[in-house]
Amino acid sequence: MAGNLQIMSTLAVELAFKRDVLPSWEKLGVPAHVQWSPTTVLVDDIRRGKRADVLIIIREQLDQLEVQGIIQTGTVTPIAQARFGLGIRAGTQHPKIASSGDFLNTIRNARSTAYSLSGASGIHLSKILRDRGMQDVLDRGTPIQAGYTAEKVVSGEADLAVQQISELMMVDGIEVVGPFPDELQQPTDFAAAIFAGAANSANARAFLDHLQSAQAQQAYRNGGLTSLVAETAA
């Protein structure tokens, strides 16, 4: 529909967006429709020809799309950083994960750990475990193709859930134990940009400005993210 803003976005910012960023944007009179998917799924969709007005994904992937001419040159806008974390059913005892040894022992001793096959968190966890000869832990894990791993903990299919902290926070009945220890952590930077040939380029530009507002920065922090706006646009 003319005037509607079409957005393709990573799951990592969904909590911040649904709580605050999108409601405050739509008060300006421009409805937004969002496709929520992992970065890898969104990039695959783009390769198959899908387009929107705004794209929000991992910064590295966005930079590549800009070089390829899929994204308007000069519109890449850093917004937030996410960290991988561990989630458990609310009310259960928190395991030790402060050190890499504690973290790996917790994963090893769990009945099953839910992880995403297409998300950055699951890809990173798989590499950590395979590099340490822990393929058996993956084999008894609970993989999902996309979506929220913590749902598998709520359903009882897994004891632990690995995902971006902001994504773990999306699921009711889950508590975040904490982030991966520093030596196993891999912070993920997310950015937004405008598609080349966007049907609503003017609204898209206004939306990128909205994503850099003080209100949006607070929404990122409240949604389990670190704002990247201050160092680039303050």
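The values are calculated or read from the model by the stated rules, or taken from the named source; none is laboratory data. If you're wondering where the values come from, they're calculated on a predicted model, not measured in any experiment. So basically every Cβ, Gly included, is an ideal-geometry build from the backbone, and we count neighbours across all protein chains shown. In case anyone asks, the SASA skips ligands and DNA or RNA and just uses the protein heavy atoms, side chains included. Shrake-Rupley method; radii C 1.70, N 1.55, O 1.52, S 1.80 Å.
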* Asked: Listed highest first by mean packing, meaning other Cβ atoms within 10 Å per residue, what order do 219-227, 201-209 come in?
  -> 219-227, 201-209
* Structure fact -> Taking 119-129, 79-89, 47-57 and ranking on average Cβ neighbours within 10 Å, highest first, one gets 79-89, 119-129, 47-57
* Asked: What's the angle, to the nearest 10 degrees (0 to 90), between helix 100-109's Cα axis and the longest principal axis of the chain?
  -> 70 degrees
* **Rounded Å value of the spacing that divides the Cα centres of the range 129-153 and the range 1-48** => 27 Å
* Could you give the distance between the Cα centres of the range 51-103 and the range 168-183, to the whole Å? -> 14 Å
* Structure fact -> For the chain the mean separation of alpha carbon contacts under 8 Å (6+ apart) over residue count, i.e. relative contact order in percent, is 32 percent
* Asked: Relative to the present Cα-Cα distance, how much length would full extension add between LEU117 and GLN135 at 0.36 nm per residue of separation?
  -> 5.0 nm
* Asked: What spacing in nm lies between the two simple spin-label points modelled at ALA90 and SER155, each 7 Å away from Cα in the Cβ direction?
  -> 2.0 nm
* Quickly estimate the mean residue ellipticity at 222 nm for the chain, helices only: each DSSP H run with n ≥ 4 gives -39500 (n - 2.57), and the total goes over all residues, rounded to 500. => -9000 deg cm²/dmol
* Structure fact -> With a ≥ b ≥ c from the Cα gyration tensor eigenvalues, square-rooted, and the rule rounded for a/c under 1.5, otherwise prolate when a/b > b/c and oblate otherwise, the chain is prolate
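When Lys and Arg each count +1 and Asp and Glu each count -1, what net charge do the other residues less than 15 Å away from ILE88, Cβ to Cβ, add up to? If you can, show how the numbers build up before the last one.
Details: positive: ARG89, LYS96, ARG111, LYS152; negative: ASP102, GLU151, GLU157, ASP159, GLU167, ASP172, GLU175.
Result for the local shell: -3.
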* Give the peptides 190-196, 9-15 in descending order of average Cβ contacts within 10 Å, highest first. => 9-15, 190-196
* Measuring with a 1.4 Å probe in the full set of protein chains, what accessible area per residue, in whole Å², belongs to the chain? -> 44 Å²
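Which whole-number value in Å³ per residue fits the convex hull of the alpha carbons of the range 1-127?
158 Å³
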